[in-house]
Amino acid sequence: MNDWSPKLLKWYEANKRDLPWRGVNDAYKIWLSEVILQQTRVNQGLEYYNRFTEKYPTVSKLAAASEHDILKLWQGLGYYSRARNMHHAAKEIVAIHKGKFPVTYESIRALKGVGDYTAAAITSIAYKLPYPVVDGNVFRVYSRLLGISTPIDSTEGKKKIWEAAAELLPKSNPGIYNQAVMELGALCCTPKNPNCTECPLQTACYAYSHKLTNKLPVKQGKTKVRDRYLNYLVIEKGDSLLLHNRKGKDIWKGLNDFPCIETEEAISLEKLIATKEWKAIFSANKPVIESVAGPYKHILSHQRLNAQFLKIKTSKSIKKLPQDCFWVEKKKISKYAVPRLIERYISNYL
Ligand code: SF4
């Protein structure tokens, strides 16, 4: 328990954003909102939350959907493993819990894709159980408020803040308190230039009184980002287009893109045509390269994708289609779930 929670809760009541999952006790909908909001801005997530709750109002309906339909509805949000895990977990809830959302922290934490953060958010908000929710906003608020200078991206720093959050969590209404700390981080104690003059915790804040608001929290270092070079072959034959369904452990599993030749670095057209991958697809055919678009840059958490798209017309059939490729009618392309990078190209060139 702490001295400042009444002030914080009062501030929260007066300032919280009006969001559709606020005031909801349905654990399924709270779970949906938490999964959607990981790595996503609230404004963008809102639209997806409404789509999902409308199309799949219950966990059983979500479990019964096809993965393709879920990925299509998720399209544009990124981090597609979230959608696949969510679908998997919905099936687990139907199979193990007879379609009723589990009610204990442990059983929720055991669901596929559910980590400490999400399990704590669901149990504290839906069931009023005293589990602290610690997301990026909370790390920042507590680091400043308590003057914790251990890097928040280190195991030790995370542990320190989690322990502080657990100790400070009030027993009554932990869910509202958790949401209030997160909202303070989102609206007031922002990463740059926190609005300390409007902050209800100003008098208690270590960083404010020691003029350290721009020094805390400390981060130990950025994750290395890997550059990848993707040469997409957008092959058209008559009214059809060759799509590729992504499988395996790489990015965008389950989504569709085009056949691709990945290279170590950006590559000229001459060199691309000379690769064994190109020859394996076109053998003796001489397809017409209609246009080359790019480079398109696309940033993922640990990768920077540099993509170019070659629009290729071929009148001859391709004897051996590249693995996991299939022809689709060009006018039906919008029915297929594709990552945003591919969507950008399609909306400009197809
Ligand atoms: S006083 Fe400033 S730094 Fe401290 S918690 Fe409030 S907004 Fe954050």
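The values are calculated or read from the model by the stated rules, or taken from the named source; none is laboratory data. In this text the structure is predicted, and so the values were computed from the model without any measurement. Here Cβ is always computed from backbone atoms with ideal geometry, including for glycine, and neighbour counts include all displayed protein chains.
Matching residues to (1) part of a loop (DSSP other than H, G, I, E, B); (2) in contact (Cβ under 8 Å) with a residue 40 or more places away in the chain; (3) acidic (Asp, Glu); (4) in contact with a helix residue (DSSP H, G or I) (Cβ under 9 Å, 6 or more places away or on another chain):
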residue: Ile261; (1), (2), (3), (4): no, no, no, yes
residue: Ala293; (1), (2), (3), (4): no, yes, no, yes
residue: Leu305; (1), (2), (3), (4): no, yes, no, yes
residue: Leu321; (1), (2), (3), (4): yes, yes, no, yes
residue: Val328; (1), (2), (3), (4): no, yes, no, yes
residue: Ser334; (1), (2), (3), (4): no, no, no, yes
residue: Val338; (1), (2), (3), (4): yes, yes, no, yes
residue: Leu341; (1), (2), (3), (4): no, yes, no, no
residue: Asn348; (1), (2), (3), (4): no, yes, no, no
| field | Filter result for Leu243 (assigned to a strand (DSSP E or B), within 30 Å of Ser81 (Cα to Cα) and in contact (Cβ under 8 Å) with a residue 60 or more places away in the chain) | value | yes
| How many of the residues in region 97-149 are within 18 Å of the chain's Cα centre (by Cα), of a type in the set (S, T, N, Q) and more than 21 Å from Trp21 (Cα to Cα)? | 0
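Here is a list: Ile176, Ile148. Which entry is away from the ligand (no atom under 11 Å from the Cβ) and either in a helix (DSSP H, G or I) or at pLDDT below 95 (or both)?
On the way: Ile148 fails: either in a helix (DSSP H, G or I) or at pLDDT below 95 (or both).
The match here is Ile176.
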| query | What pairs can you find where one residue is in region 29-40 and acidic (Asp, Glu), the other is part of a helix (DSSP H, G or I), and their Cβ atoms are less than 9 Å apart, with a gap of 6+ or different chains? | reply | Glu34/Tyr117; Glu34/Thr118; Glu34/Ala121; Glu34/Ile122; Glu34/Ile125
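If you go through region 254-267, how many residues are loosely packed, with under 15 Cβ neighbours inside 10 Å and either within 19 Å of the chain's Cα centre (by Cα) or modelled with pLDDT of 95 or more (or both)? Full working, then the answer.
From region 254-267, those loosely packed, with under 15 Cβ neighbours inside 10 Å are 262, 264-266; that's our starting set.
Okay, now just the ones that are also either within 19 Å of the chain's Cα centre (by Cα) or modelled with pLDDT of 95 or more (or both), so 262.
Looking only at that region, the number is 1.
Working only within region 183-199, note down all residues that are β-branched (Val, Ile, Thr) and either more than 12 Å from Arg144 (Cα to Cα) or assigned to a helix (DSSP H, G or I) (or both). Give the derivation first.
Kept after step one, since they are β-branched (Val, Ile, Thr), are these residues of region 183-199: 190, 197.
Across region 183-199, the qualifying residue is only Thr197.
Suppose we keep only residues that are in a loop (DSSP other than H, G, I, E, B) and not hydrophobic (A, V, I, L, M, F, W, C) within region 220-235. Which one would you say is nearest to the ligand (Cβ to nearest atom)?
First, the residues of region 220-235 that are in a loop (DSSP other than H, G, I, E, B): 220-225.
This time we only want the ones that are not hydrophobic (A, V, I, L, M, F, W, C), so: 220-224.
On the way: Gln220: 20, Gly221: 23, Lys222: 23, Thr223: 25, Lys224: 30 Å.
Checked region 220-235; the qualifying residue nearest to the ligand (Cβ to nearest atom) is Gln220.
Is it true that some residue in region 199-219 is more than 12 Å from the ligand (Cβ to nearest atom) and either surrounded by 18 or more Cβ atoms within 10 Å (Cβ to Cβ) or farther than 16 Å from Trp11 by Cα (or both)?
Step one: filter region 199-219 for residues more than 12 Å from the ligand (Cβ to nearest atom), giving 218-219.
Okay, now just the ones that are also either surrounded by 18 or more Cβ atoms within 10 Å (Cβ to Cβ) or farther than 16 Å from Trp11 by Cα (or both), so 218-219.
Yes, that holds for at least one residue.
With Ile152, Ile96 as the choices, which residue is buried (at least 19 other Cβ atoms within 10 Å of the Cβ) and among the β-branched types (Val, Ile, Thr)? Show your work before the answer.
Working: Ile96 fails: buried (at least 19 other Cβ atoms within 10 Å of the Cβ).
Matching residue, one of Ile152, Ile96: Ile152.
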| request: Hey, could you check region 179-198 for residues that are more than 9 Å from the ligand (Cβ to nearest atom) and among the small types (Gly, Ala, Ser) and say which is surrounded by the fewest Cβ atoms within 10 Å (Cβ to Cβ)? | output: Ala186
| query | Residue check: is Lys237 surrounded by fewer than 16 Cβ atoms within 10 Å (Cβ to Cβ) and either at pLDDT below 90 or out of contact with any Leu (no Cβ under 9 Å at 6 or more places or on another chain) (or both)? | reply | no
